[in-house]
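S.K.: Okay, here's the structure, questions in a sec.
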Amino acid sequence: MPEIRPLSPTDLTALREAPLFARLDESELAAVAATGSMRRYDHVALLFSAGDPADAFYAVAEGHVHLFALNEDGDQSLVTIVGPGETFAEAALFGAGRFPVNAEVQAGAVLARIDGSAFLKVLRGNQALGFRMLDSLLARQVFLMHEIRRLKAHSPAERLASYLLSLIESHTWPGHGKLPVRKQLIASRIGIEPESLSRALRRLDEAGVVCEGDDVLVKDESLLRGFCATFGGTA
């Protein structure tokens, strides 16, 4: 079971980093926060399953959540990895009313859970708040479409370099040792085949990245940053 506590004023900062809440003022953000709680997960746990009633949505303060689907054979197919400053499941709450995929919380993750019924009650009493959040969602959608086009224009090695730099800059990974998620999941996240990931790693020598068994080492972060800057990656 997760450790649960009310949202505190400090937690509001993490909520504001989520695009869904970016355009809310202090009173609106506090009103949304009052409908939720903070939950810390010390172990991997299934948050919800596909088909469950969508009774809440979430913002990630720390760690990661894996959203995945199951095929007919019961094998997992990763949909996306949700990290700090991102929200998920709000579309299910606003739309079909059921979660379309499964969500697995990774050990050490801290989530803000926004109760669906309480949140919708707040929206009914403040239509302007709903419009501002919708505006934020639309802006996020435009950003994601741009990111997809940008991703398709880059080679596997370039995509991997940008991803590694983003891990370092978000303090998710220190730049050495084992990567925070399995390589198969990283391949899915950056849109390449799993077997292409090892080849992409080997091609990052010029960016100061070496692979030693299961460990990855960024020998020179400035070199990696400069490599990413040459093709418009994270810098």
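The values are calculated or read from the model by the stated rules, or taken from the named source; none is laboratory data. Quick caveat: nothing in here was measured; it's all calculated off a predicted structure. All Cβ positions, glycine included, derive from the backbone under ideal geometry; neighbour counts span all protein chains shown. Side chains included, ligands, DNA and RNA excluded: accessible areas come from the protein's heavy atoms. Shrake-Rupley method; radii C 1.70, N 1.55, O 1.52, S 1.80 Å.
S.K.: If I filter region 66-99 down to residues being acidic (Asp, Glu) and more than 24 Å from GLU17 (Cα to Cα), which single residue comes out as least open to solvent (accessible area, probe 1.4 Å)?
M.R.: ASP75
S.K.: In region 180-220, which residues are under 13 Å from TYR163 (Cα atoms) and open to solvent by 30 Å² or more (accessible area, probe 1.4 Å)?
M.R.: Residues satisfying the conditions are PRO180, LYS183, SER188, ARG189, GLY191.
S.K.: Taking region 34-71, which residues are among the aliphatic types (A, V, I, L, M), farther than 15 Å from ILE81 by Cβ and at pLDDT below 90?
M.R.: The answer is LEU70, and nothing else.
S.K.: A further question follows. From the list LEU223, LEU164, exactly one residue is open to solvent by 60 Å² or more (accessible area, probe 1.4 Å) and modelled with pLDDT of 90 or more. Which is it? Even if it seems obvious, please write down each step before you answer.
M.R.: On the way: LEU164 fails: open to solvent by 60 Å² or more (accessible area, probe 1.4 Å).
Criteria check complete, one pass: LEU223.
S.K.: Sticking with this structure for a sec: Among the strands (runs of 3 or more DSSP E) confined wholly to region 1-110, which include 2 or more residues that are hydroxyl-bearing (Ser, Thr, Tyr)? Before you say what the answer is, go through the steps one by one.
M.R.: Working: elements: 3-6, 36-40, 45-48, 56-62, 65-70, 76-82, 102-105.
Hits in region 1-110: 76-82.
S.K.: Oh, and also: Could you say whether any residue in region 29-39 is of a type in the set (A, V, I, L, M, F, W, C), open to solvent by 80 Å² or more (accessible area, probe 1.4 Å) and under 24 Å from LEU167 (Cβ atoms)? Before you say what the answer is, go through the steps one by one.
M.R.: Going through region 29-39, the residues of a type in the set (A, V, I, L, M, F, W, C) turn out to be 29-34, 38.
Applying the additional criterion that residues be open to solvent by 80 Å² or more (accessible area, probe 1.4 Å) yields 34.
Applying the additional criterion that residues be under 24 Å from LEU167 (Cβ atoms) yields none.
No.
S.K.: Got a number for residues in region 1-19 being closer than 14 Å to TYR58 by Cα and of a type in the set (D, E, K, R)?
M.R.: Counting residues in region 1-19 that are closer than 14 Å to TYR58 by Cα and of a type in the set (D, E, K, R) gives 3.
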